[in-house]
Structures are given as structure tokens and as C-alpha cells.
Ligand SMILES: [Cu+2]
């Protein structure tokens, strides 16, 4: 278990990790079975299906949750201590000093140390997210608090996503074919895709093959505004900036539809430009792409079984 490895490396108590990890796993497993979106009453992050999201989950469950919990408990303890020990009744004669140099140094230096301890592994995750694999670089092992290394193959597919006002355009760059993906309005969704979530279902999903590294280039309409492309299960969140090409990658290990949303407040329909990525088998993808390269997008879509 990656989380366990990480905690051991961090020198944290393995027993404590055991206590929290199953609770998180249970809460997550029960609520989000096989869905690529958040569920009512969901606790914890969305289910991970990529190496990058694994490292984000490890980072969260490993170091962040412990840091946050200990600080909350410590501050709560201080508050209770002050409320009970130093109220007017139990402490009728208040102290008259105003400064304590030692305490001030401690409360300055300690947060700096905590921030550095959090920052170092987070830089590793960030650099993994932003460095497209070349088949040689080891992933999730790029910092001193290693999450456990993963070999990621070089990309076999390049997709460009462009944020528009307010929808996404996608292009398979090497195949030079493109299409537009629009939010599916309720009436149409209830008729064609009744089991897909409201405000996340789109007319044309972005189709990608499973277990394949995909290079993702993100930009926005040059005359438009800034958006952000985010898919929680893939651990992706990257700005879509007019006139600029940002790059990230993913390698999804499960088939299914995984949803995301524009994550940069971009205008009146910001909430209505969802992202739906449909991960299919390699064979299905080959058939899809062959039809699409023939120039017929409707035929390409027809190669895929309808997901309602
Ligand atoms: Cu947007």
C-alpha cells in the first residue's frame, strides 16, 4: 500500500495509520463505487484511477491529514486551557507581562518548519504532474519523501483541449481530427443518458484508451478567457490560458466515464462546461479512431456502445 510505505518513510506511527486508513477506504468505497464523479454524502477525495492521483491521495492521507489533525487538536487544547484556567473566576489576578520572546520565536519557527515539511513532497507531486513521461523518468519518486516509484511509458496519444465560452473543444493532434463537447441539457439527458449525472453529462465525451499514457495540451480560445481543465479521478487541474499551451498527462487504469469541470471562474456559464472523459479498451479505441480518421465523427461515435 502506497500510503503505508509513505507513512513509514515519514517515520509516522504505523499503528495510527492503520486506524485511519481503513476508515477512509471504507467511507470512500461505500460511497463512490465505480463512478467517475462525486456522490451524495461522499467523504474523502474522488476515486483514483491514475498514478498521479494515487500520489495525491497518499500525500493527503499520509502527511496532510496528520498535520491538520494535530494542529486542530493542539489549538483546541490551548483554547480549552485558556478558557478554563485563565477565566476571571479561576484567575482573578491576571499577569501583567505583554511579551515572551521564546514563545514568539517558537510560534514563528514551528509553522515555517511545518510548511517546509509539507512543501517538499508537494513539489515532487507537482513536478510529476507537469512533466510528460518520456519512458525513462521514474514517477512519484522525484522527491526525498518518495511515494514509491512507478514506471510510466511515453505518451502514445496527444490530445489538445481548448476552453471556449462555454464548452470544450478537443483535438486528436496527430490524427488531426477534432470535435466539440457540450453540456447535455436536462430534457435531452433524461431521454438519451438518464443514468449520467446532471450538469456533468455531455453530448460528445472525450474518448481515450485504457492503460495508455495520454499527453494533454490545454489552451483556450485566443479571443476568450482563462478556464481550467480538471478531472479529479485523474489528479488533473491545469489552467487553460488564451495564447498559451499548458501540458500535463494521465494514464488511466480503468475503463468508464470520469467527469470534471472547468475550475477557473470564467464567466456566466462557467458552471455549465463539464468535462467527460470516456476510457475505453484499446481495441474499442482503435475502431473509434479508425472511423474518426475517415472523417466521420458520427460513425466514430457509433462504434462505441451507448452509455446511458
Ligand atoms: Cu471555463
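In table form, for the structure just shown:
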{"quantity": "Segment residue 298-residue 175, extension gain: residue separation times 0.36 nm, minus the distance between their alpha carbons", "calculated": "42.6 nm"}
{"quantity": "For the stretch 186-255: rounded, prolate or oblate by the Cα gyration tensor [a/c cutoff 1.5]", "calculated": "oblate"}
{"quantity": "The stretch 155-302 shape via C-alpha gyration tensor axes, a/c threshold 1.5", "calculated": "rounded"}
{"quantity": "Whole-number percent relative contact order across the chain, with pairs defined as alpha carbons under 8 Å at least 6 apart", "calculated": "17 percent"}
{"quantity": "In degrees, nearest ten, helix 282-293 long axis to first principal axis of the chain (Cα)", "calculated": "50 degrees"}
{"quantity": "Projected area, mean over directions - the chain, Cα convex hull, nm²", "calculated": "21.6 nm²"}
{"quantity": "Distance from the stretch 60-130 to the stretch 168-182 (C-alpha centre basis), Å", "calculated": "49 Å"}
{"quantity": "Ordering of 171-179, 111-119, 270-278, 154-162 by burial proxy (mean other Cβ atoms within 10 Å per residue, highest first)", "calculated": "270-278, 154-162, 171-179, 111-119"}
{"quantity": "The chain: antiparallel DSSP beta bridges as a percent of all, rounded to 5", "calculated": "70 percent"}
{"quantity": "Relative packing of 251-259, 284-292, 37-45, which averages over residues the other C-beta atoms within 10 Å, highest first", "calculated": "251-259, 284-292, 37-45"}
{"quantity": "Theoretical ellipticity at 222 nm over the chain - DSSP helices of four or more residues, -39500 (n - 2.57) apiece, nearest 500", "calculated": "-11500 deg cm²/dmol"}
{"quantity": "Folded to 0 to 90 degrees: helix 14-32 orientation relative to the chain principal axis, Cα", "calculated": "40 degrees"}
{"quantity": "Acute angle (nearest 10 degrees) that the helix 101-130 long axis makes with the longest principal axis of the chain, alpha-carbon atoms", "calculated": "20 degrees"}
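Bear in mind that the values in this text are calculations on the coordinates, not laboratory data. As the structure is a prediction and not an experimental result, all values here were calculated from the model. Cβ sites come from the backbone with ideal geometry, for glycine too, and all protein chains shown count toward neighbours.
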